[in-house]
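The values are calculated or read from the model by the stated rules, or taken from the named source; none is laboratory data. What you are looking at is a predicted structure, and each value in this text was computed from that prediction instead of being measured. Here Cβ is always computed from backbone atoms with ideal geometry, including for glycine, and neighbour counts include all displayed protein chains. Ligands, DNA and RNA are excluded from the accessible area calculation, which covers all protein heavy atoms including side chains. Shrake-Rupley method; radii C 1.70, N 1.55, O 1.52, S 1.80 Å.
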Amino acid sequence: MYIGLILFLCASNGLAASFADDPFVLVLDAGHGGTDSGAVGKKAKEKEKTINLAVTLLAGKYISERHPDVKVLYTRKDDSFVGLQERADYANKSQANLFISIHANAVKNTSARGLEVYALGDWRAADNLEVMKRENSVIYLEENYKEKYEGFDPNSPESYIAFELLHNKFWEQSLGFAETMCDEMKSCAPWNDRGVKQAGFLLLRGAGMPSILIELDFVSNFEAEALMMSVTGQKKYAQAICNAFSRYKASYDRRNSIKSATYLPLPEKETPANDPAPDRQVYKVQLFAIPRALPANSPHLKGYKADYYVENKMYKYTYGESEDWEEISQIRKSLLKDFKDAFIVAFENGIKVQVKRSP
Ligand SMILES: [Zn+2]
């Protein structure tokens, strides 16, 4: 199929137009689901499958809104179990142009955190074995896994090495996209960008398109778990995924001489297409910023039940929330005795934006 595609593109420029008429197909894959919870969070015991699904659906929503010419498909849209092979089969059957699998990481060491993006292909590094074992171990939950996966054993390094031979066709594009993704995702995981890795996930076996797997952060870390559970965090991740996709799509269009009228420059904010009041802002009062998350009983918080968002590697603590400017101004005033530098910040759909009013 791949060789066929190259021949096709070289054969005639005249055919490129009809090629462009086929929509670009993106398959988004929320890791785990149903009886397979994936990793489980350390503190709130949030299940990985829930985080994966929330971020996946949001990313798909943003991408659909920004790229009306892209067909966004999902391996699952609810909490149902989908086998690994079914996911790859679905992507192949849908003739997907790109495959993104979304997961969250976990390790015993609770201080470990950060983003990892895996490109499929050249698997050699032994330190990736643990992650691969975990992500692939779901096949034990499926009946007849031995026949289905042709003797694949998630605990055997040989099984992973076999992948390497099968999966180098889309390696360059997968790696390139993994790097773009990493770049965009740094805004969400600024503490520790663990970088692009290479792995032979069973999931990606048989996928006939560039494919990556994102480990958003570690649910085994308290702060990371809280971030991934928060709507603000999920929106940031989804937006970063959307931004990375936009960059990939732009270069895909250039490579294939597709005049993409529908490609929009990256907006500064995300607004749902059906929102009748797109400029509606939610105001909060920012109390202070600090390089790490604080425990709820921290003296810094002075007894306030504060929330936080993360920006530029800083935890920015906020208090209060209102769509009404007068109300938030009152809240800010009342906070000044405890936080003399408190000021008002604005969010749209969970994404921080410029305050449109002068305080
Ligand atoms: Zn996972």
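The table for this structure:
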{"read-out": "In region 34-44, the residues that are more than 10 Å from the ligand (Cβ to nearest atom) and either open to solvent by 10 Å² or more (accessible area, probe 1.4 Å) or more than 12 Å from M228 (Cβ to Cβ) (or both)", "value": "G34, T35, V40, K42, K43, A44"}
{"read-out": "Within region 219-250, tally of residues that are without any contact (Cβ under 8 Å) to a residue 24 or more places away in the chain and assigned to a helix (DSSP H, G or I)", "value": "1"}
{"read-out": "Any hit, region 12-19, residues being at pLDDT below 90, farther than 23 Å from N243 by Cα, within 14 Å of the ligand (Cβ to nearest atom) and surrounded by 15 or more Cβ atoms within 10 Å (Cβ to Cβ)", "value": "no"}
{"read-out": "Count - residues of region 91-118 that are in a helix (DSSP H, G or I) and either crowded, with 22+ Cβ neighbours inside 10 Å or touching a strand residue (DSSP E or B) at 6+ places or on another chain (Cβ under 7 Å) (or both)", "value": "1"}
{"read-out": "Single unsatisfied condition, K47 versus (1) surrounded by fewer than 23 Cβ atoms within 10 Å (Cβ to Cβ); (2) touching a residue at least 24 places away in the same chain (Cβ under 8 Å); (3) farther than 30 Å from R247 by Cβ", "value": "(2)"}
{"read-out": "Per-region count, region 67-122, residues under 16 Å from the mean Cα position of the chain (by Cα), more than 14 Å from the ligand (Cβ to nearest atom) and of a type in the set (D, E, K, R)", "value": "2"}
